[in-house]
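Worksheet: one structure, shown below.
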Amino acid sequence: MKNLLKLEDWSPREIIDCLNLADQLKYEQKHGIEHKVLKGKTLGMIFEKASTRTRVSFEVGMVQLGGYPLFLSSNDLQIGRGEPVEDTARVLSRFLDGIMIRTFKQEEVENLAKYGDIPVINGLTDYCHPCQVLADLMTIREFKDRLEGLKMCFIGDGNNMMNSLIVGALSTGMSISVACPENFEPPQHILNFAAQYGDKFTMLRNPVEAAQGADVVCTDVWASMGQEQERIARCEAFKGYQVNKELMSVTNTDCMVLHCLPAHRGEEITADIFEEHAKEIFEESENRLHAQKAVMVKCMG
Ligand code: CP
Ligand code: NVA
């Protein structure tokens, strides 16, 4: 049994194996080759935050693997009325074969795994978004044929996406430079992880400097789910941290742009750059399905 609580729990080998399996499952699905390797298994999907992609891709992915997904909104679960996660974990372990959870605190995901005895997959917390980053790495490999030696750049908030992209890029041989305003840096835990990789990681204030020579530019919203109240202050703090024509002009030729979505055109990315790179961005979105099927097979197979 295996969990995906955060990407740094997986070795580089495990990440690459998962990406290889995702490629294979994508090929099989496109060629009508059935792969019902989780036949008869059930996945509970707990959502304490909204979702379009994560919900639909996990649900459809489980069906394609021959299993059965259950959507569990925290509004309807006793967890939403204060039942401890320790108890929820032990109860759900008696019914299900795996749990996917999207919530606020990373601690809740870790506790679900600690107290339960079935695999737990993190579908986004305030701290990280490992499933999204596996899909991102898969997409980069598809467009660039490799990861090793490429330069990624992330512009914006030191949030769940930046955290997991730092881990994902460095674990797979890429270098990454991030640009974020003061007080919006990634947490110390991530900076310590990155420190092991020496000059393959750089943190800068200037977005154009960070984008210099990049092969992949990534960004994300300025105000994440749960930060709606900070929206106005954040829009002010992130002014200039935008993926636009000027920023793209210093990147490598054929530089990709990735965005986990939903996107706010005119804020973190301009509409013209978004549309110019829509091919990559929507492939990235599709790859959630394939990457997460691989995660489910690795964890629950
Ligand atoms: N990118 C992502 O996780 O999208 P959803 O919030 O729609 O699941
Ligand atoms: N950082 C964003 C990602 C959404 C997929 C959020 O947490 O809202």
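Quick notes on this structure:
- Condition check for Gly32: at positive phi, in contact with a Phe, Trp or Tyr (Cβ under 9 Å, 6 or more places away or on another chain) and open to solvent by 60 Å² or more (accessible area, probe 1.4 Å): no
- Check on Met152, within 16 Å of ligand 2 (Cβ to nearest atom), touching a residue at least 40 places away in the same chain (Cβ under 8 Å), within 30 Å of Glu236 (Cβ to Cβ) and among the aliphatic types (A, V, I, L, M): no
- Residue within segment 179-198 that is touching a residue at least 40 places away in the same chain (Cβ under 8 Å), open to solvent by less than 10 Å² (accessible area, probe 1.4 Å) and either small (Gly, Ala, Ser) or in contact with a Pro (Cβ under 6 Å, 6 or more places away or on another chain) (or both) present: yes
- When the helices (runs of 4 or more DSSP H) confined to segment 1-95 are screened for residues that are touching a residue at least 24 places away in the same chain (Cβ under 8 Å) and over 21 Å from the mean Cα position of the chain (by Cα), those reaching at least 2 such residues are found at 85-95.
- Residue within segment 120-133 that is at pLDDT below 95, under 25 Å from Gly226 (Cα atoms) and in contact with a Ser or Thr (Cβ under 6 Å, 6 or more places away or on another chain) present: no
- Matching entry among Ser93, Ser74 (being at pLDDT below 95, among the small types (Gly, Ala, Ser) and surrounded by 15 or more Cβ atoms within 10 Å (Cβ to Cβ)): Ser74
- Checked against the criterion of being in a strand (DSSP E or B) and either aromatic (Phe, Trp, Tyr) or in contact (Cβ under 8 Å) with a residue 40 or more places away in the chain (or both), segment 127-137 contains not a single residue that satisfies it.
- Note on segment 52-70: residues that are within 14 Å of ligand 2 (Cβ to nearest atom) and either on the phi > 0 side of the Ramachandran plot or buried (at least 17 other Cβ atoms within 10 Å of the Cβ) (or both) total 5.
- Residue in segment 282-289 that is without any contact (Cβ under 8 Å) to a residue 24 or more places away in the chain and open to solvent by 10 Å² or more (accessible area, probe 1.4 Å) present: yes
- Restricting attention to segment 96-110, the residues that are buried (at least 24 other Cβ atoms within 10 Å of the Cβ), within 14 Å of Asn160 (Cβ to Cβ) and either more than 13 Å from ligand 1 (Cβ to nearest atom) or at pLDDT below 95 (or both) total 1.
Each row is one residue, and each column tells you yes or no for (1) under 13 Å from the mean Cα position of the chain (by Cα); (2) surrounded by 18 or more Cβ atoms within 10 Å (Cβ to Cβ); (3) under 25 Å from Leu170 (Cβ atoms).
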| residue | (1), (2), (3) |
| --- | --- |
| Leu112 | no, yes, no |
| Tyr127 | yes, yes, yes |
| Pro130 | yes, yes, yes |
| Leu150 | no, yes, yes |
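- Considering segment 155-178, the residues that are under 18 Å from Leu4 (Cα atoms) and free of Cβ contacts under 8 Å to residues at least 40 places away in the same chain include one that is surrounded by the fewest Cβ atoms within 10 Å (Cβ to Cβ), namely Leu170.
The values are calculated or read from the model by the stated rules, or taken from the named source; none is laboratory data. Since we're looking at a predicted model, the values are computed, not measured. Neighbour counts run over all protein chains shown; Cβ positions are idealised from the backbone, glycine included. With ligands, DNA and RNA removed, areas are computed over all heavy atoms of the protein, side chains included. Shrake-Rupley method; radii C 1.70, N 1.55, O 1.52, S 1.80 Å.
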